[in-house]
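The structure under discussion appears below in the form of structure tokens.
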Amino acid sequence: SFRRLTGARATRPRPPARAHHDLFAHAHVVSTMAAVMGSARHVAPGVSALRARQNARVRDARPRSGRFARVVTSAAVRARAHAQAAVQTTPLTKADLVEYLRSGSKPKSEWRIGTEHEKFGYQKSNLRPMEYDAHVKVLLEALVRRFDWQPMMEGDDIIGAKLDGQSVTLEPGGQFELSGAPLINLHQTCAEVHSHLYQVKTVA
């Protein structure tokens, strides 16, 4: 504390350099957040003026005698470090954002359609969800055995199947999900879904 360092009474106010350092540190946090967001418009009002005043105080600071000199010098060093760490960035423009999004797109010749089709299976006798050993495992093994799907295993347990870019997997709620192959048009994906439903109904 100030009293422990200087021997002054507790009612004595903090040194001006320390107070201004705290204000500058807060302003630096706000300014840094704005720099990360990429726009100078988000800088809090008065931050630039406060930084200029603080830099002037750091330049004009003169060491004093005794323990108080160490307090002032330490505050000045920290304030100078904060001022040097503040990096000004060029604000982003609309063109920058558009170009960033465009950079992740594919040419139209590579556009494809991928189907996700989920189904909740249940037991006809009691309308309860399917159980893994009695129903889910049997259904997946039947797809592998009858329609030549490739099993997806987790240890000794089958958890899915895949065929020609398609995959059938289990979702957290126990539903079956078809993740279709990348196809060129809706006619192909429609045929894929109908084929999948035929296979599932056949082995269910």
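The values are calculated or read from the model by the stated rules, or taken from the named source; none is laboratory data. A quick note: this is a predicted structure, and the numbers were derived from the prediction, not measured. So basically every Cβ, Gly included, is an ideal-geometry build from the backbone, and we count neighbours across all protein chains shown. Only protein heavy atoms, including side chains, enter the accessible area calculation; ligands, DNA and RNA are left aside. Shrake-Rupley method; radii C 1.70, N 1.55, O 1.52, S 1.80 Å.
Given their separation in residues at 0.36 nm each and the Cα-Cα distance between them, V203 and T93 gain 33.9 nm when the chain is fully extended. Counting protein heavy atoms only, the stretch 94-183 has 52 percent of its accessible area on carbon and sulfur, 1.4 angstrom probe.
Sites listed here are chymotrypsin sites (Phe, Trp or Tyr not before Pro) in the stretch 90-163 whose DSSP assignment is loop and whose Cβ has at most 13 other Cβ atoms within 10 Å: W111, F120.
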